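The values are calculated or read from the model by the stated rules, or taken from the named source; none is laboratory data. Keep in mind the model is a prediction, meaning the values are calculated, not measured. Counting neighbours? That spans all protein chains shown, and the Cβs are built from the backbone with ideal geometry, glycine included.
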Amino acid sequence: MEQASSPGKTTRWIIHVDMDAFYASVEQRDYPEHRGKPVIVGADPKGGTGRGVVSAASYEARKFGVHSALPIGQAYRRCPLGVFLPVRMSRYQEVSSHIFSIFRRYTDLVEPLSLDEAFLDVTGSLRLFGTPQAIGAQIQRDIWEEAHLIASVGVATTKYVAKVASDLQKPQGFVIVPENAERTFLHDLPIERLWGAGPKTAQRLRGRGYETIGQLASASCAELSSWLGKQGKHFWELANGIDAREVVPEAPAKSIGAEMTFDIDTSEISAIKKTILELANRVGSRLRTEGVQAKTLTLKFRTAKFETYARSTTLQDPTDQDSTIYHKALMLLERLPCATEKARLLGVAGSHLVKPEDSSQLTLFPSMPESSTHVTRALDSIRSRFGAQAIQPATLLSHMKNKAPG
Amino acid sequence: MRVTIARDELLTALHRVQGVVEKRNTMPSLANVLLEAKPEGLDILATDLELGMRGLYKAKVEEPGSVTFSARKLYEILKEIKEPEIALSVTDHSLVTIRAGRSQFKVVGLPSKDFPPLPAIEREGLISLPGASLLQLIRKTLFAVGDNDTRYVLNGLLITVLTEGGKPMIRLVGTDGHRLAVADQVLELDKDAEFPEDTKVIVPKKAALEIRRLLEEGGDEPMIGFTKNMLIFRKSGLVLTSRLMEGNYPNYQQVVPKETTQKITVNREDFEGALRRVSVLSRDKTYAVKLTFSPDHLTLFSSHPDMGEAHEEIPSKFNGEEFSAGFNARYLLEVLTIMDGESIELQMDAPLSPCLLKETENTQMFKAVVMPVKV
């Protein structure tokens, strides 16, 4: 209690992890032929006439002056021999969720800023995993070993200082700012490094003679406040290494769902059931990855005429089991008024997500398991090692016939 | 079709079918009732394809015919009508006119040919049962039946006929895998009644609920019978048919603990009241309550991580060594609610073994088993 009410006594340790040229690095990792080349991910340049902007540029491309948010036509002119690639958002999301799962090994307090950037409060993890720098270094190593991607890490006692630190030695930077060294660390940095100060504000600060963060730190807080209002005080505090903002973990997802559009609209019940099975497996697997169970299940059915129907059911006991989701979804299918029509799209979703209760209720018939928890766990571990397609329900193995030996 | 019928008669009929009609709109006609006007009266049918109900009601039929329309709407109309008599007529296009005093309703119906047929009854072999005791059997077991359980058969009530001590007995069993209830009744059969000795059927929960509702009306004694895949239930001019559930019912006999001498005897109402009070402060979802059995008292304890804790002691008799076990209070309460008599007996060998509950005055005819929780 005493510690919580006087935060000055415990030093918070915050790690900021920022993936280096994330989208471009994922592309270079997935396609080795692009390694060492200037990779530019974004809109189609169409020989310089394309619209849209650069989403990410590899370090090789940055040498040509290509950076994110640059109009793609300009990027093409600056680097005509660059490898221009479209944005594969779902792929980056997949890689990102792997990287966030690495973060969550070390702390629950993970605040995502984007797909490739997060704050981690590791104050409570020190006893378990060692010093803040050891944790930061381990995360950087895990990301490299497991995802073959490089990240920059900043370790400090506040969010702001950690963020500045991670940005200082990119790529593959690793900067630790010891406790009470925050002011010295920030002192000589240009005013543009002030978090929250855009180019305009930086210009105004410079106009008043504040060119470095150190200069702002030694200004009078009252004076800054009367000039810039609340923001003035905030900037002064940041400049002095004061930043009480906490790491706020991401609000948990409200629902987890999967959808599939048929290549050709179908009313064939076997195809519909097969698709529901596949969607149920995907939803189940994601629920388990997120460590939650769904209390409500919804089946969505879009007809060839583009009419969308949905039916939901609330379960007595929340589930994360593929087979339960599948059977409930089939029950919902029977309740749809359009079940005889051609389906264009099917979706299965779980909502009212809850953390699984540690069920210690004993059962009368252990040979009749309520849910196939053990089997599912084994399947999950096989899939995580050998890929999602490694083991599947037989009905989903439609190509097997052609591949079976002899 | 032109019919005059007493408002109360039609209201009774519509009240009975409300539980049968399909509320979820799979097929529009399943939300409907079928009215068939015949010289002998008005036949009223409803079905959800698994469960069907048909009853003949007293009515003055001026012109025979049939129509089907929303069971819900007709019921709502009837509830609001206060006139003693109602006139129903149908035009060619299935437009139903309902007249009562100064009110008139025109409701769009569907031709009766769209109504799914009720399953045909091939062979009946019905036996007569005292309605009151069948109601008791259902009341004492239905609460334990599973609800939308993925283990399909647990969503049904097992009805079985067996011979015990030379007497034929009817037994109902319900379980959801966490608790189990078994209730028996001696069958007083007529000499010529044929009730296959090895009857063992699983009745869907919905059908059992409807049978319970019909029995609660009182009146005539019911008749019950089974074909290979159907249940037939007759009472007061009504026939209810239900598909039986396929599958293997789990071996419930194996999980009922064998009788031992180590017993806890406690006043039923004391126990129920204490459980209700103490469980107020149990964890939200698990309703976990810890029971400590001592030679002369039973202690109930619950604690909620954010709220606090509750504690109560009630007198009880126990001839074994003190021990504690955890339970889902809801499971115990549901059993206690349907138990009769002043005192009950609990039998439990160890903190994690099944707990057998019986009525002290009637130890043979009802047994419940509740599995504990780890605490």
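When B:GLN104 is tested against (1) part of a helix (DSSP H, G or I); (2) surrounded by fewer than 19 Cβ atoms within 10 Å (Cβ to Cβ); (3) away from chain A (no Cβ under 14 Å), only condition (1) is not met. Run B:ASN362 past the list (1) in contact (Cβ under 8 Å) with a residue 24 or more places away in the chain; (2) more than 14 Å from chain A (Cβ to nearest Cβ); (3) under 25 Å from B:ASN251 (Cβ atoms); (4) not hydrophobic (A, V, I, L, M, F, W, C) and report the number of the one that doesn't hold. With (1) in contact (Cβ under 8 Å) with a residue 24 or more places away in the chain; (2) more than 14 Å from chain A (Cβ to nearest Cβ); (3) under 25 Å from B:ASN251 (Cβ atoms); (4) not hydrophobic (A, V, I, L, M, F, W, C) applied to B:ASN362, the lone miss is (1).
Within the range A:290-301, not a single residue is of a type in the set (Phe, Trp, Tyr), more than 14 Å from every other protein chain (Cβ to nearest Cβ), buried (at least 17 other Cβ atoms within 10 Å of the Cβ) and not in a loop (DSSP other than H, G, I, E, B).
Looking at the range A:185-193, is at least one residue loosely packed, with under 14 Cβ neighbours inside 10 Å and in a helix (DSSP H, G or I)? No, the range A:185-193 contains no residue that is loosely packed, with under 14 Cβ neighbours inside 10 Å and in a helix (DSSP H, G or I).
Can you tell me which residue among A:SER218, A:SER255 is more than 28 Å from A:GLY124 (Cβ to Cβ), among the hydroxyl-bearing types (Ser, Thr, Tyr) and free of Cβ contacts under 8 Å to residues at least 24 places away in the same chain?
Values: A:SER255 fails: free of Cβ contacts under 8 Å to residues at least 24 places away in the same chain.
The conditions single out A:SER218.
Could you tell me how many of the residues in the range B:138-182 are at pLDDT below 95 and assigned to a helix (DSSP H, G or I)? Within the range B:138-182, residues that are at pLDDT below 95 and assigned to a helix (DSSP H, G or I) number 4.
Among the residues that make up the range B:113-133, is at least one of them surrounded by fewer than 18 Cβ atoms within 10 Å (Cβ to Cβ), away from chain A (no Cβ under 14 Å), under 22 Å from the mean Cα position of the chain (by Cα) and assigned to a helix (DSSP H, G or I)? Checked the range B:113-133: at least one residue is surrounded by fewer than 18 Cβ atoms within 10 Å (Cβ to Cβ), away from chain A (no Cβ under 14 Å), under 22 Å from the mean Cα position of the chain (by Cα) and assigned to a helix (DSSP H, G or I). Considering only residues in the range B:228-259 that are assigned to a strand (DSSP E or B), out of contact with any Ser or Thr (no Cβ under 7 Å at 6 or more places or on another chain) and not polar (S, T, N, Q), the one that is farthest from B:LEU157 (Cα to Cα) turns out to be B:LEU238. Just one of (1) under 30 Å from A:ALA343 (Cβ atoms); (2) under 35 Å from the mean Cα position of the chain (by Cα); (3) free of Cβ contacts under 8 Å to residues at least 40 places away in the same chain fails for A:LYS230. It is (1). If you take the residues in the range A:340-362 that are of a type in the set (Gly, Ala, Ser) and modelled with pLDDT of 85 or more, which one is farthest from the chain's Cα centre (by Cα)? Per the criteria, the residue is A:ALA343. Per the conditions (1) in a strand (DSSP E or B); (2) surrounded by 16 or more Cβ atoms within 10 Å (Cβ to Cβ), the sole criterion not satisfied by B:ALA13 is (1).
Scanning the range A:253-289 for residues that are crowded, with 19+ Cβ neighbours inside 10 Å and among the polar types (S, T, N, Q) yields a total of 3. With the structure loaded, tell me whether B:PRO351 is over 27 Å from B:ALA183 (Cβ atoms), of a type outside the set (A, V, I, L, M), more than 14 Å from chain A (Cβ to nearest Cβ) and not in a strand (DSSP E or B) or whether it fails that test. So B:PRO351 fails the test. When the range A:363-388 is filtered for residues that are farther than 30 Å from A:THR261 by Cβ and at pLDDT below 70, the ones remaining, listed by number, are A:PRO369, A:GLU370, A:THR373, A:HIS374. Say whether the condition of being out of contact with any Pro (no Cβ under 8 Å at 6 or more places or on another chain), surrounded by fewer than 21 Cβ atoms within 10 Å (Cβ to Cβ) and assigned to a strand (DSSP E or B) is met by at least one residue in the range A:96-113. For the range A:96-113, residues out of contact with any Pro (no Cβ under 8 Å at 6 or more places or on another chain), surrounded by fewer than 21 Cβ atoms within 10 Å (Cβ to Cβ) and assigned to a strand (DSSP E or B): present.
None of B:PRO257, B:PRO250 is within 14 Å of chain A (Cβ to nearest Cβ), at pLDDT below 95, closer than 21 Å to B:GLY341 by Cβ and out of contact with any helix residue (DSSP H, G or I) (no Cβ under 6 Å at 6 or more places or on another chain) except B:PRO257. As a summary of the residue check, A:PHE306 satisfies the conditions (1) of a type in the set (A, V, I, L, M, F, W, C); (2) on the phi > 0 side of the Ramachandran plot; (3) not in a loop (DSSP other than H, G, I, E, B) except for the one numbered (3).
Would it be correct to say that A:VAL66 is part of a loop (DSSP other than H, G, I, E, B), surrounded by 21 or more Cβ atoms within 10 Å (Cβ to Cβ) and either out of contact with any His (no Cβ under 9 Å at 6 or more places or on another chain) or small (Gly, Ala, Ser) (or both)? Answer is yes for this residue.
Before we move on, is B:ASP147 within 14 Å of chain A (Cβ to nearest Cβ), surrounded by 19 or more Cβ atoms within 10 Å (Cβ to Cβ) and under 19 Å from the mean Cα position of the chain (by Cα)? Considered against the rule, which asks whether it is within 14 Å of chain A (Cβ to nearest Cβ), surrounded by 19 or more Cβ atoms within 10 Å (Cβ to Cβ) and under 19 Å from the mean Cα position of the chain (by Cα), B:ASP147 comes out as no. Which one is modelled with the highest pLDDT among residues in the range A:3-21 that are surrounded by fewer than 24 Cβ atoms within 10 Å (Cβ to Cβ) and outside any loop (DSSP other than H, G, I, E, B)? Residue satisfying both the conditions and the ranking: A:ASP18.
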